[in-house]
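Student: Got a structure for you, written out below as structure tokens; questions coming shortly.
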Amino acid sequence: MELSAAALAVAGRCEGRVNELARRMTREAFERLPAYQELPGEVKDVEMAATARHAVRLFLRRVGGRAEEGDLEFRYFRERAAQRAEEGVPLHLLLGTHLLGQHVLWQALRDSAEPGEEAALNELAGWLLEAQARMVPALAESYLDERAALEAEAREERRTLVRALVEGSPLTPERYGRLGVADGGLVLRIGVETPGGGPPEQVAARRLARRLGTAVNRLFGPEPLAWLEADGGVLVLPRDGAGGLPALPGGLTGQLERAAGAPVRVAALPADSGPGVAAAARTAAEVLRLVRALGRPPGLHRLEDVLLEYHLSRPDESSAGLVALLDPVYERPELLATLRAHLAERQDRRRTARALGLHPNTVDNRLARIGELTGAEVGTAHGFALLLTAYTQRELRP
């Protein structure tokens, strides 16, 4: 829409006042938006003034039909908005400054109008409002895009740092201190029982990891030390102010299960130092593996829950002989089932018989056959320990 000659005349009277108007814009921003007083001098005295001058000149060029078309018109302001986002200036402050500048420009146009030029002034007001309707979304979009990019970069950097912490990559003492784990903390290994046991497809995996992340943020606050993927991950909770281990929220696994839509196991182990986090994470992973293999129900697990099985499943020079001890039993499914039930029922022959749906005498006969094949005295404490160790080594060792 072209402006009338009267409107062009009113705007033209501001051509020689660009620097004065820019100074007024910045001065009013400082007076009415106190947070701007805290900005560096270079931003206040140089960049803001330059932006204000550019804004006034742009309006006057647009009035005279000399502005660039399309997005190029706002490129300068978009770049400044992205810069303010990078510096951490709040969005409301950025937009507030822009609107104050528009008001200063409107005052200058009003002061330049002479009696009888009210219609021309109304035309210019319409142009200002139209420019504002285009400028504000452009500024907000550039600002939010930059903030989103910066936050994504910070999250990825933090995730990479947590992964290095969990995997035992050497970090500097300053890094341990910055993460809050110089004195260790509580390490949580999370395992999601995905349907079918295999990894979900890529899109579903990303969604699952995102839901887990949301649940973890809700439980432990924003920006926890977490490395999460579709099948679970690791969470490191720093010690509290008194140096103690943090308490876990009630219903922890239930909330994670609702987020994952699948059963969840959590193994919790303490770490006594920053470098000790990696060892605690490895042990927590082994605890999860053991409770799965032992058929324990999903939930919260600690090393104390599987101390014996953990110890017995560690391989050493005797492991090969122990594993071979049960070779003939594994060739007979009925004997293997009886051994498993007998160990699970702590040598109680009647409970073993009920578990298998057999007569106790049948159980006795099978146990005697196991003793013949392995050389273990099944009815004695030594024989039970020998068979338990051999079975654990065979079934549960890494």
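Student: Out of segment 346-398, which GluC sites (Glu not before Pro) are coil in DSSP terms and have no more than 14 other C-beta atoms within 10 Å?
Tutor: Details: sites: GLU372, GLU377, GLU395; in loops: GLU377.
Passing sites in segment 346-398 are GLU377.
Student: May I pose another question? So what does log10 I(q)/I(0) come out to for the chain at q = 0.07, 0.14 Å⁻¹, using the Debye formula with one equal point on every Cα and no solvent?
Tutor: After summing over all Cα pairs, the log10 values are -0.58, -1.14.
Student: With the chain treated as a Gaussian network of Cα nodes joined by springs under 10 Å, which of ALA82, ALA154, ALA381 yields the largest mean-square fluctuation?
Tutor: For the chain, modelled as a Gaussian network with Cα springs under 10 Å, the answer is ALA381.
Student: Then there's this: Taking the Cα centre of segment 120-182 as the origin and placing charges on Cβ (Lys, Arg +1; Asp, Glu -1), which of SER169, TRP127, ALA138 is farthest toward the positive end of the dipole?
Tutor: SER169
Student: In the chain, with Lys and Arg counted as +1 and Asp and Glu as -1 at Cβ, which of these residues, LEU248, VAL323, GLY379, has the Cα nearest the positive end of the dipole, that is, farthest along it?
Tutor: The one lying farthest along the dipole's positive direction is GLY379.
Student: Let me ask you something else. Which of these, ARG189, ARG210, ARG13, has the largest mean-square fluctuation under a Gaussian network model of the chain (Cα springs below 10 Å)?
Tutor: For the chain, modelled as a Gaussian network with Cα springs under 10 Å, the answer is ARG13.
Student: Shifting gears a bit: Where the convex hull is taken over the Cα atoms of segment 293-366, what is its projected area averaged over directions, in nm²?
Tutor: Directional mean of the projected Cα hull area for segment 293-366 stands at 6.3 nm².
Student: Mind sorting ASP348, ASP305 by how few other Cβ atoms lie within 10 Å of their own Cβ, fewest first? Walk me through the numbers before you get to the answer.
Tutor: Values: ASP348 14, ASP305 17.
Fewest-to-most Cβ neighbours within 10 Å comes out as ASP348, ASP305.
Student: With a Förster radius of 30 Å, plug the Cβ-Cβ distance of ARG314 and ASP183 into 1/(1 + (r/R0)^6) and report the FRET value to the nearest 0.05.
Tutor: Working: r = 28 Å, r/R0 = 0.93.
So the FRET efficiency works out to roughly 0.60.
Student: Would you work out the charge dipole size for segment 315-396 about its Cα centre, treating the Cβ of every Lys and Arg as +1 and the Cβ of every Asp and Glu as -1, and quote it to the nearest 20 debye? Walk me through the numbers before you get to the answer.
Tutor: Working: 10 positive and 11 negative charges, 96 e Å.
Taking the Cα centre of segment 315-396 as origin, the dipole is about 460 debye.
Student: Could you work out how much longer the chain between ARG302 and ARG110 gets when fully extended? Use 0.36 nm per residue separation minus the Cα distance between them, nm to one decimal.
Tutor: Values: separation 192, 0.36 × 192 = 69.12 nm, distance 7.46 nm.
Difference between extended and current length: 61.7 nm.
Student: Then there's this: Place a +1 charge on the Cβ of each Lys and Arg in the chain and a -1 charge on the Cβ of each Asp and Glu, then give the dipole magnitude about the Cα centre in debye, rounded to the nearest 20. Spell out each step's value before the answer.
Tutor: Numbers: 51 positive and 55 negative charges, 245 e Å.
Computed charge dipole of the chain: roughly 1180 debye.
Student: In debye to the nearest 20, how big a dipole does segment 217-338 give about its Cα centre with +1 on each Lys and Arg Cβ and -1 on each Asp and Glu Cβ?
Tutor: On the way: 11 positive and 15 negative charges, 82 e Å.
About 400 debye.
Student: Still on this structure, I have one more. Net charge around VAL234, counting only other residues with Cβ within less than 14 Å of its Cβ (Lys, Arg = +1; Asp, Glu = -1)? Display every interim value, and only then the final one.
Tutor: Working: positive: ARG158, ARG159, ARG163, ARG189, ARG265, ARG282; negative: GLU167, GLU229, ASP231, GLU286.
Spelling it out: positives minus negatives among the neighbours equals +2.
Student: Any chance you could run the full-extension gain for GLU87 through ARG350? It's 0.36 nm times the residue separation minus the Cα-Cα distance, nm to one decimal. Kindly include the intermediate steps, with their values, before the conclusion.
Tutor: Numbers: separation 263, 0.36 × 263 = 94.68 nm, distance 7.36 nm.
Value of the extension gain: 87.3 nm.
Student: Name the residue farthest towards the positive end of the dipole of the chain from the options TYR310, ALA293, ASN361, assuming +1 on Cβ of Lys and Arg, -1 on Cβ of Asp and Glu, about the Cα centre.
Tutor: After comparing all options, I get ASN361.
Student: Order by neighbour count: LEU335, LEU144, fewest other Cβ atoms within 10 Å first, most last.
Tutor: Values: LEU335 19, LEU144 14.
The most exposed by this proxy come first: LEU144, LEU335.
Student: Related question: Kindly put TRP127, TRP227 in sequence by how many other C-beta atoms sit within 10 Å of each C-beta, fewest to most. Mind dumping the intermediate values first?
Tutor: Numbers: TRP127 17, TRP227 21.
Going from sparsest to densest Cβ surroundings: TRP127, TRP227.
The numbers here are math on the coordinates, done by the rules we state, and not lab data. Worth saying up front: this structure is predicted, and the values here are computed from it rather than measured. Cβ coordinates were reconstructed from backbone atoms using ideal geometry, including for glycine residues, and neighbour counts include every protein chain displayed.
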